[in-house]
Structure formats: C-alpha cells, structure tokens
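Accompanying notes for the structure given below.
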Amino acid sequence: MIPERDSMARPVHSVTRRVPLSALFTLILSVVCLLHTPAVRAQEPPYFVTYSQVLEEPGNLEVAIKGLTASPKDANAFFSPTLELEYGATAWWTTEIYLQGQATQNDSTIFTGFRWENRFRVLPIEHWINPVLYVEYEDVNGADKSILEVTGHDSISDLQTKNAEGRADIDHTIEGKIILSSNAKGWNFSENYIAEKNMMGGAWEFGYAVGASRPLALVASGRSCLFCRQNFSAGAELYGGLATVHDFGLRDTSHYAGPTLNFNLPHGPTLGFSPQFGLNDNSAGVLWRVKVSYEVQQFRDLFRGKESR
Amino acid sequence: MKKNSISVFILLIASALLMASDGSWLRRVPEGDRKRTNPYAGQAEAAAAGKILFMDNCAKCHGDDARGRHNRPSLRSERIEHATDGELAWILRNGNTWKGMPSWSSLPEPERWQIIAYLRSLPPDSATATTATRQGDERP
C-alpha cells in the first residue's frame, strides 16, 4: 500500500531539532582538507553506482560526500547524504566505509546505517576485460534512501515509507559484485553483476549496473589550467534490479539511466553530477546526484617519522 | 592461534607494502611492448604536460624530483635510464600490484606517454653523479 504524501503528520520543528547529517559530514570533510595534503587528479570514471577496475592508489585516502535528492511520486522529497572513506590498503585491495543518512521533508533526519566494502583486483596485469571482486557488509535500516545500488524488487514504494517505520527494520546484508571493466582508446566500459542476501532472512537478490565514460581530452595540456577539457570526463550509466533467485528477471523491478559528468579541479576536489531518470513505473522520476571527493595522497605517510620522509 | 594467524597476515601485508621494487617486472614485459616507441619523444611541450601529470599522480610516491620516497624507487636510477620507453609504458599501464605500484591504465595512453617524455627529460642520477665527481676532481 502506498502511503499518502504526509505534510501534516509531524510538526516541522521535529526536523530542525536534530543535527543535520550533511552539516556533520561537511565538517569532517573540512577537517580532512585542512591536513594540507595536496589532492591528486582523480583517475576514476564519473560513475555514481557502477564500479570500474580503478582501485584507490595504495596509501591514499579518498573522502567523498555523495548526495542524492528526489521528489518521488506520492512521497515526500528527501535528501540522502553518504560519507565515503576509501583507503588503498595495497595496489590490489581497496577498503571503504560508508556512513549514511537521510532527511525527508515533513518527516525527520536520521542516520540510516553503515557499509564496509572491499574490492580486490584479481589479475596482476591489464587484460581486455579486468575483473575485480567486491565484498560488502551492510548494516542499514529500511529508511535508507541512498540508492547506492538497486537489487531485487527495490522500487519507489521503498521511498514512500515513513522514517519511523523504516528505521525499525534493520537489515544485516552481505553483498557481492563481479566487476568487469575495460579501457580502450580513452573509453572506460564497466559492468557490475550484483548478488545480495539479507542475513536476517529472505532470498538472494540480484542487480546490475553498466557504465561507459571518457575524458573530454586524451592529451594533457602543457600549462596548468582550470577549465581544460582534460579536467572533465563524461559518460552514462544504467542500473537496476533483477528480482530474486525465485523469480529472476525484470518483472516488478526498477531501473535508472542518466548522463554523468566529473570535473577534476587541479590540486583540489573532484565534483560530480548526474541526473538519473527512472525507466518504469516502479522507479522514482528523477534522482539528482552530486558528489564531492577529495583524495589525500599518501595518507599513511602522515603517520611516519619525518626522518624517513 | 587466531591471534597468530592475524599477526602473520598483517606481517605479510606489511612486508608486501614495504618491499622495494627489484626490477623483476622488466622480465615480464612482452617483446612487442618492449619495442614500442614514444610518439612524443623529445617534444618539449609533451614533457611540460608530462611534468604536470607527474606532479599530480606520481610525485607523492616517487618524490617531486623523481628520486623516490619512503623506499619507493627512484625514477632517475640506472634501471629506468636503461629501460626502453616501451617498458616504461608497460609498467604504467599494468602496474606492479604485488610490489605496490598501481596500474595507471585509466589515464589515457597519450598522457602516459607524456609522463614518459617528462621522465626522459630529467637528468639520470648517474649523469648527476658523474658531473659531481668531475667537479670534485677539478677542486684544488
């Protein structure tokens, strides 16, 4: 059953009483930026959901805030920020923590949970297709609206649940992905196959994500410049659910597609933007995604003695 | 027992991180790659672009002067001096993941060649040492 848009159910001051998560995340990001460590020109493709073969460089720490906002049909508008801390443990292993929350208009602002993911590069050298294994543990409640992936029968009705109801439903989930990715003539092509299982019960759920992208220039300029084409990369991604092990397919699933754009500020953060459009009635109309990421180069060197530098 | 296993695992990871490059990757470069030539060789503009790319992507590990930092190898060593452009292009594309060097395949290939053009524009340490020795000899 789809709840009606509820603008009067909860007084507005209940939203303002809580500390906005976005403010907290911004504060953490600012502190990290104050470390005076130069940022690197990120080499990651501009995807929001799709993973490519690119891992974090060993020793680097990427701090990112991903924001998603939408006004789904028959539901209140919401904003969902996700803080992402990605660390390159080795050249073949990247580990990442996500902290998630959301603020829904006429409802409340809540913390929705965390994820811990690990990505492992399988083959030692580059091939036509490069596989990466992905393993994740999620402790996320039912009010989560980050849509970091779509699996099973995820649909617009999940976005229509009130926060008080959703947060009581806590999922402990393991998720695996096979990431296949290729680089050819400046283009990146990536495909992800997703399998997810709630350890509290329920069937295995499946999903997919595919993306293609390219920097706007393949040759770097000999002078430092802000708006050079080499600092931009553009692409598109498509993702959605593939139901469960019992009813594998596209029936009663949601799907999204949209263009993506990244802007790498030289010696500064990377900005990303993507409007993503729901492709069927089970999907929200438009998801507006933004991302700000900052890479602290050789973060681990900050903890080494000066004499060894 | 469990604690021991964890310690061994951590030690293995740490030693993998700390191991300096020994140049064994050079033996793995296919002959076809070894013979590739840099389309930007000797071009000052490409070297200038390569310098910007190097500072953005490589300097934090290999140092602003490319002489290496924290056990990470110098790129002005004799080994790099004698490596072909094709061999350097191969290591940039594939990395040496077990020794800590990531793959830079997502940098467009022309940009990787520009980095190599920049590295070639740097005087190798052997040349610097020779110059220093000569200057020392000239001293009264």
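Worth pointing out:
- Averaging Cα coordinates gives a centre for segment A:229-259 and one for segment A:103-181; these two points are 14 Å apart.
- Summarised in one figure, the compactness ratio Rg/Rh of segment A:13-304, Cα atoms and Kirkwood Rh, is 0.95.
- Under 11 Å from a label point set 7 Å out along the Cα-to-Cβ vector of A:Asp74, the amide N atoms of segment A:281-296 belong to A:282.
- A:Leu218-A:Asp139 FRET efficiency (beta carbon distance; Förster radius 41 Å; 0.05 resolution): 0.45
- Surface share of carbon and sulfur [accessible, 1.4 angstrom probe, percent] for segment A:176-252: 65 percent
- For segment A:207-236, a decrease in accessible area of 40 Å² or greater in the assembled protein chains relative to the isolated chain, with a 1.4 Å probe, applies to A:Leu218, A:Val219, A:Ala220, A:Gly222.
- Tensor-based shape of segment A:61-114 (alpha-carbon gyration tensor, a/c under 1.5 rounded, otherwise prolate or oblate): prolate
- Atom-type composition of the exposed protein surface of segment B:36-76 places 49 percent of the accessible area on carbon and sulfur (1.4 angstrom probe).
- Long pairs among A:Lys66/A:Lys177; A:Lys197/B:Lys99; A:Lys66/B:Lys51; A:Lys162/A:Lys291; A:Lys177/B:Lys51, criterion Cα-Cα beyond 28 Å: A:Lys197/B:Lys99; A:Lys66/B:Lys51; A:Lys177/B:Lys51
- Where segment A:13-304 is the region considered: accessible area per residue in Å², 1.4 Å probe: 41 Å²
- Interface of A with B. Using a 1.4 Å probe and counting protein heavy atoms only, the two chains hide about 3100 Å² of accessible surface, both sides summed.
- Our coupling estimate for segment B:77-87, obtained by passing each phi through the Karplus curve with A = 6.51, B = -1.76, C = 1.60 and θ = phi - 60°, is 7, 4, 4, 6, 4, 8, 5, 7, 4, x, 5 Hz, Gly and Pro reported as x.
- Backbone HN-Hα couplings from phi across segment A:88-104 [Karplus 6.51/-1.76/1.60, Hz, Gly and Pro as x]: x, 5, 9, 6, 10, 9, 10, 10, 8, 10, 10, 10, 10, x, 7, 10, 10
The values are calculated or read from the model by the stated rules, or taken from the named source; none is laboratory data. Nothing here was measured: the structure is a model prediction, and the numbers come from that model. Quick reminder, even Gly has a Cβ in these numbers, built from the backbone with ideal geometry, and neighbours come from all protein chains shown. Please note that ligands, DNA and RNA were not included when accessible areas were found on the heavy atoms of the full protein model with its side chains. Shrake-Rupley method; radii C 1.70, N 1.55, O 1.52, S 1.80 Å.
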